[in-house]
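*Asks:* Below is a structure I'd like to ask you about.
The values are calculated or read from the model by the stated rules, or taken from the named source; none is laboratory data. Quick caveat: nothing in here was measured; it's all calculated off a predicted structure. Here the Cβ is made from the backbone with ideal geometry for all residues, glycine too, and neighbour counts use every protein chain on show. Ligands, DNA and RNA are stripped out before the accessible areas are found, and what is left, the full protein with its side chains, is counted by its heavy atoms. Shrake-Rupley method; radii C 1.70, N 1.55, O 1.52, S 1.80 Å.
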Amino acid sequence: MTEAVIDWFGRFGGRYVPETLVAALEELDAAYEAARGDAAFWGELNGLLRDYVGRPTPLYLAQRLGDAVGGTRVYLKREDLNHTGAHKINNTLGQVLLARRMGKRRIIAETGAGQHGVATATVCALFGLECVIYMGAEDVRRQALNVYRMELLGAEVRTVAAGTRTLKDATNEAMRDWVTNVESTHYIIGSVVGPSPYPRLVRDFQAVIGRETRAQLHEREGRLPAAVIACVGGGSNALGIFHDFIPEPSVELIGVEAAGEGLDSGRHAASLAAGRPGVLHGSLSYVLQDDAGQIAPAHSVSAGLDYPGVGPEHAHLKETGRATYTSVTDEEALAAFGSLARLEGVIPALESAHAVAHFLRDGRRWSRIGPVVICLSGRGDKDVAQVAERTGPTRLL
Amino acid sequence: MGTTSSEADRLAARFAAWRAAGRRALIPYLTAGYPDPQETPELLLRLADAGADVLELGVPFSDPLADGATIQHASERALQRGATLAWTLDALADFRRSRETAVVLFTYLNPVLAYGVERFLRAASAAGADGVLLTDLPVGSDRELEAAFERAPLALVRLLAPTTPPARVREIARRAQGFLYYISRTGVTGARTELRARLADEVAALRRFTRVPIAVGFGISTAAQAAEVARVADGVVVGSALIDALDRGGPVGAEKFVASLRDAVDAVDQ
C-alpha cells in the first residue's frame, strides 16, 4: 500500500479517526486534489463567490475606530457583508462543489453560533441537497434566530443535548452521523479543524479573504499591513486572512481567543493560551483538557468561539512564533460590540468583536506605523437579542 | 504458552487453541467504572465466570465519537464517578490477581497521550492487559505512535470496517496483532435489531487476506445474533447490549446475559 497522504503542520494535524472514516477522507482528499488542478472547478466557485456571495468584500478604512486609539489607520475586512452574513460561506460553497463531484447527495454539518449552519443550509438549498445540521442545545437557545433561518432554508436542525450542549458536542454528533452514513453523506466541517484534509481544505477555501485584502490594501496604500488581527475559535477566518501574509515576515499576525470570564477563572475558550497538545475531533492540536486527558468544557459569550480545540495550523504558527495569540474576555468583547456599532455604524458578530476588542486595547502601538487590518468575520444581528438579554437594553450604550 | 512470550503472542496463541478446539471466543465489553467504580471488580469476575474468553475493558472518555448513546451515557457516568485510565489499570491489576481471562483495553487516544504512551504501555502490561484497541489510531495515521504500540508486548488490536478498501485490508491484516476486529456495519456502537445481510460474505472475503483470527462487533445484541456471527467469525463482541442488560438486571442480569451468549455461541455447529 502506498503511504497515506496526511497533512501535518509541524507536529500538529494528522488523521486520528475511526477506521470507518478513513476511506471517505481519502476520497475527499482525492476529489480535492483533482479539483485543485481543474480550472472549471475554480471558474464555477469564483463565479458563485462573485454573483451569489457578493465578493470581493470591501476593505473599509474605519476612521473613527482608528481615532479612538490615537489615530491608527485601521481597515475592516468586511466578511460580514457576504451573503448569509459571515465568512463561513466561502468554505461551504467550495465543499458543496466537492460533494457534488463525489456524488454525495446528503450534507451534514455542525454549528456553534449558527453561521456555519446557515451557510451550509444555504448552499444545500442552492443545489437541492438534503441537509442536516447538528447544534448544541445551549446554542439553539442563544442563537434562536439562526435556527429559524436554517429551517427556513430547508435544513433539519438536530439539537444535541449531550455533554456541554455546545459546539464540541455538536461536532461529536455530526461525526457519529458521518460514521453511520458515510457512503451517502459529505460532512462539511466549518473550521480549520478535524482530520486531514479538512484543515488544509477549509483554509484554502478561506484564503480568498487574505488574497483580496492584500490586493485591496496594495491599491489603497501601496504596501503590506503592519498587522492583521482576527478572532480564533477553530480559527478559519483567521487562517483565511493570515494565509497570504505568512511568507511576509514584516506582517504581524495576531489571533484573538476568547478568554470568557478570564483565563484564571477556568471558564474560557483559549485553547492556545491555556490548553495542551491532544487529540480531539481527528487531529492533534492544542486542546483544553484535564490531567487525565478528558476534554474540558469551554466557555465564551460567543457561541462561535465556544470550543475547547483549535485548528492544528494555528498550533504550529504559535509554536514557530510566526503568529502570536492573545485573548479577550466576554466583557471586553461586549464593550467592543457596542463601540464598533457607535463608532462606525457596524454591528459585529460577538466572535469578530473579540478582534475589535484587542485593537481597542492595543491599537495605539501601530499609530505611527499602521495600517492594521481587522477581519470582521461576521455581522452581529444574530447576537443582538442575546446581548440585550445580558446587559439590558438601556445598558447597551 | 511460554511464560516469556509477549502478550500479543499469548493472545494469538489463545485464539489458536480455541480454534483448534472449535471454540468461538466470546468477548463482552464493559465500560470501566460503570455504573460505579466500586462495582467494576465484581462485574469483571462475574463476566469472566459466565464464560467470557476475552474481556474488552472500555476506558471512559469525555468525547467518545465512535460510540452510540448507550456507551456515551456509560462513559459520562463513569467519569462523573471518578473513573480514569489510571484507576482502570488498577482495577485490571486487581482482577488479574484471581483470573486469567484475556483482557483488551478499548480506549480513545487522548487519555493515553495524557498518561504518556511509554508509561501506559508499561503500566498496562504490568496490570495484566493482553492487548489494546485504539478507536482513533487507524493504520497509517501516525508512524511513530503506531510503532511505539507495535513494538510493545501488548497486542495492538486493529479495526476493519465495511468501508475499508481491499488494499488497506491487506495492509491492516499484515500488521494485525492478536486478532482483527471487524466492525459489522458502518456506524457507532449500539444494539441493533438486525445484522448486515452480507456479514457472512464480508468475513469470508477477509479470510482470503489473512489467517489472523477475526472477531466481529458493533450492534450484536441478542443470543441469536451472537450465534449467527459465531458461524462465520472466530470471536463475537457484545457491548451496548450487555450494558443494557446491566441496567435492567444489575450484575446478576449482566452475568446471566453473558451466560446466555456463551450457550448460544457454543451451540453453533463448527
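*Asks:* How far is it, in nm, from the label point at A:Ser367 to the one at A:Leu152 when both lie 7 Å from their Cα along the line to the Cβ?
*Replies:* The answer from the label model is 4.4 nm.
*Asks:* On to the next question. Quick one: Karplus J couplings for region B:198-213, per residue in order, coefficients 6.51, -1.76, 1.60, θ = phi - 60°, nearest Hz, x for Gly and Pro?
*Replies:* Per-residue couplings from phi come out as 9, 3, 4, 5, 5, 5, 4, 5, 4, 4, 5, 8, 8, 9, 5, x Hz.
*Asks:* Then there's this: Sorted by packing (mean other beta-carbon atoms within 10 Å per residue), highest first, where do A:229-237, B:22-30, A:364-372, A:341-349 land?
*Replies:* Put in order of decreasing packing, that is A:229-237, B:22-30, A:341-349, A:364-372.
*Asks:* Run the 1.4 Å probe and let me know the accessible area of A:Glu173, rounded to the nearest 10 Å².
*Replies:* 50
*Asks:* Here's another thing I want to ask about it. Would you please give the residues with an amide H less than 5 Å from that of B:Gly58, counting only those at least 5 places away or on a separate chain, with H modeled from the backbone geometry?
*Replies:* Under 5 Å from the amide H of B:Gly58 lie the amide H atoms of B:Leu30, B:Thr31, B:Ala32, B:Phe106, each far enough along the sequence or on another chain.
*Asks:* To continue, here is another question. Strictly over 32 Å apart at the Cα level, which of A:Lys168/A:Lys318; A:Lys104/A:Lys318; A:Lys77/A:Lys104 would you flag in this model?
*Replies:* Over 32 Å apart, Cα to Cα: A:Lys104/A:Lys318; A:Lys77/A:Lys104.
*Asks:* Per residue, how much accessible area does chain A have with a 1.4 Å probe, in Å²?
*Replies:* 33
*Asks:* How big is the dipole moment of the protein assembly as shown about its Cα centre under a simple scheme where the beta carbon of each Lys and Arg is +1, that of each Asp and Glu is -1, and everything else is neutral? Debye, nearest 20, please.
*Replies:* 860
*Asks:* Additional query: At a 10 angstrom cut-off on C-beta neighbours, averaged per residue, how do the peptides B:202-210, A:272-280 rank from highest to lowest?
*Replies:* The peptides rank, most packed first, as A:272-280, B:202-210.
*Asks:* Continuing with the same structure: Would you mind counting up the charge near A:Pro297? Only other residues with Cβ under 13 Å from its Cβ, with Lys and Arg at +1 and Asp and Glu at -1.
*Replies:* Taking every other residue near A:Pro297 into account, the sum is -4.
*Asks:* If the only charges are +1 at each Lys and Arg Cβ and -1 at each Asp and Glu Cβ, what is the size of the charge dipole of region A:170-237 around the Cα centre, to the nearest 20 debye?
*Replies:* Dipole of region A:170-237, to the nearest 20 debye: 300 debye.
*Asks:* Further, regarding this structure: For the protein assembly as shown, what is the convex hull volume of its Cα atoms per residue in Å³?
*Replies:* 148
*Asks:* Answer rounded, prolate or oblate for chain A, using the Cα gyration tensor with square roots of eigenvalues a ≥ b ≥ c: rounded when a/c is under 1.5, else prolate when a/b is larger than b/c, else oblate.
*Replies:* In terms of gyration-tensor shape, rounded.
*Asks:* Let me ask something else. If you take the charge dipole of region B:10-261 about its Cα centre, with +1 on Lys and Arg Cβ and -1 on Asp and Glu Cβ, which of B:Thr222, B:Leu145, B:Thr163 is farthest toward its positive end?
*Replies:* B:Thr163
*Asks:* How big is the gap, in Å, between the Cα center of region A:212-256 and the Cα center of region B:153-204?
*Replies:* Here the answer is 46 Å between Cα centres.
*Asks:* Give the shape of region A:261-392 as rounded, prolate or oblate, defined through the alpha-carbon gyration tensor: a ≥ b ≥ c are the square roots of its eigenvalues, a/c under 1.5 means rounded, and otherwise the shape is prolate if a/b is larger than b/c and oblate if not.
*Replies:* Judged from the Cα gyration tensor, region A:261-392 comes out oblate (a/c at least 1.5, b/c at or above a/b).
*Asks:* Shifting gears a bit: Report, by chain and number, residues whose modeled amide H sits under 5 Å from the one on B:Leu160, excluding near sequence neighbours (fewer than 5 apart, same chain).
*Replies:* For B:Leu160, whose amide H was placed from the backbone, the distant partners under 5 Å are B:Tyr181, B:Tyr182, B:Ile183.
*Asks:* Given the protein chains as shown and a 1.4 Å probe, how many square angstrom of A:Thr159 are accessible, to the nearest 10?
*Replies:* Probe radius 1.4 Å; accessible area of A:Thr159 about 80 Å².
*Asks:* If you take the accessible area of A alone, add that of B alone, and subtract the area of the pair, what total do you get in Å², probe 1.4 Å, to the nearest 100?
*Replies:* 3000
*Asks:* Moving to a separate point now. Picking from B:Leu89, B:Ala17, B:Ala102, whose Cα lies most toward the positive end of the charge dipole for region B:1-132 (charges on Cβ: Lys, Arg +1; Asp, Glu -1)?
*Replies:* B:Ala17
*Asks:* Taking beta carbons within 10 Å but only from partner chains, what does the mean come to for residues A:17-30?
*Replies:* Per residue, the average neighbour count from other chains is 6.
*Asks:* For region A:39-53, just list the computed ³J(HN,Hα) in residue order, Karplus coefficients 6.51, -1.76 and 1.60, θ = phi - 60°, integers in Hz, with x standing in for Gly and Pro.
*Replies:* 4, 5, 4, 5, x, 5, 5, 5, x, 5, 4, 6, 8, 9, 8
*Asks:* Which net charge results for the neighbourhood of B:Asp67, defined as the other residues with beta-carbon distances under 12 angstrom from its beta-carbon, given Lys and Arg at +1 and Asp and Glu at -1?
*Replies:* -3
*Asks:* Tell me, what HN-Hα J-couplings in whole Hz come from the Karplus equation 6.51 cos²θ - 1.76 cosθ + 1.60 at θ = phi - 60° for each residue of region B:247-258, using x for Gly and Pro?
*Replies:* 4, 6, x, x, x, 5, x, 5, 4, 5, 4, 5
*Asks:* Just to be sure I understand: with springs between alpha-carbon atoms less than 10 Å apart, which residue in A:Glu130, A:Glu252, A:Glu27 has the highest mean-square fluctuation in the Gaussian network model of chain A?
*Replies:* Judging by the Gaussian network model, the answer is A:Glu27.
*Asks:* Can you list the cysteines of chain A that have no other Cys Cβ under 4.7 Å away?
*Replies:* Isolated Cys, chain A: A:Cys231, A:Cys375.
*Asks:* Over region B:10-261, with the other protein chains present, what is the accessible area per residue in square angstrom, probe 1.4 angstrom?
*Replies:* 35
*Asks:* Answer rounded, prolate or oblate for region B:107-247, using the Cα gyration tensor with square roots of eigenvalues a ≥ b ≥ c: rounded when a/c is under 1.5, else prolate when a/b is larger than b/c, else oblate.
*Replies:* Taking the square roots of the gyration eigenvalues as a ≥ b ≥ c, region B:107-247 is oblate.
*Asks:* A further question follows. Given H placed on each backbone N at 1.01 Å, which residues far from A:Val310 in sequence or on other chains put an amide H within less than 5 Å of it?
*Replies:* For A:Val310, whose amide H was placed from the backbone, the distant partners under 5 Å are A:Tyr286.
*Asks:* Additional query: Helix A:167-181 versus the longest principal axis of chain A: what angle, 0 to 90°, nearest 10, using Cα atoms?
*Replies:* With rounding to tens, the tilt is 20 degrees.
*Asks:* Label A:Glu33 and A:Thr391 with points 7 Å out from Cα along Cα→Cβ: what is the distance between them in nm?
*Replies:* Roughly 5.0 nm, to one decimal.
*Asks:* Rg and Dmax of chain B over Cα atoms: what are they, in angstrom?
*Replies:* Computed over the Cα atoms of chain B, radius of gyration and Dmax are 16.9, 46 Å.
*Asks:* Further question: About its Cα centre, how strong a charge dipole does chain A have in debye, to the nearest 20, once Lys and Arg get +1 and Asp and Glu get -1 at the Cβ?
*Replies:* Rounded to the nearest 20 debye, it is 920 debye.
*Asks:* With all protein chains present, how much of the accessible area of the protein assembly as shown (probe radius 1.4 Å) comes from carbon and sulfur, to the nearest whole percent?
*Replies:* The computed percentage sits at 50.
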